[in-house]
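Q: After the structure tokens below, expect a handful of questions from me.
The values are calculated or read from the model by the stated rules, or taken from the named source; none is laboratory data. These figures come from a predicted structure and were not determined experimentally. Cβ sites come from the backbone with ideal geometry, for glycine too, and all protein chains shown count toward neighbours.
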Amino acid sequence: MICILKMAQTQHPAPEIEGWIIANDLPEARRKAAGAGEHELASELYRMEFDPPPGKYQLKSGHILLVDKTHG
């Protein structure tokens, strides 16, 4: 499972979640990002060839990518 979090661009100590995408795999996440108008995110996801290993990743687009393979 993949979860992509869009964080608010604020100066607060704890950034708030502004939006999210939940998908089963990278191709589904790409389609959802493009459909949501998140073109920078979709472009970055298209440059990834395979699902990354489980973990937390900070993307260049400013999004946070969470990957969990325990349920699939």
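Q: Are there any pairs, at least 6 apart or on different chains, whose C-beta atoms fall under 9 Å, with the first in segment 53-69 and at positive phi and modelled with pLDDT of 95 or more and the second surrounded by 15 or more Cβ atoms within 10 Å (Cβ to Cβ) and not charged (D, E, K, R), and if so, which?
A: Matching pairs, first to second residue: Gly55/Leu65; Gly55/Leu66; Gly55/Val67.
Q: In addition: Hey, among Gly37, Gly19, which residue is surrounded by 12 or more Cβ atoms within 10 Å (Cβ to Cβ) and out of contact with any Phe, Trp or Tyr (no Cβ under 8 Å at 6 or more places or on another chain)?
A: The match here is Gly19.
Q: OK, next. Is there a residue being hydroxyl-bearing (Ser, Thr, Tyr) and within 19 Å of Ala8 (Cα to Cα) anywhere in segment 49-60?
A: Yes, segment 49-60 contains a residue that is hydroxyl-bearing (Ser, Thr, Tyr) and within 19 Å of Ala8 (Cα to Cα).
Q: Something else about it: Anything in segment 42-51 that is of a type outside the set (Phe, Trp, Tyr) and surrounded by 13 or more Cβ atoms within 10 Å (Cβ to Cβ)? List them, or say none.
A: Scanning segment 42-51 gives Ala42, Ser43, Glu44, Leu45, Met48, Asp51.
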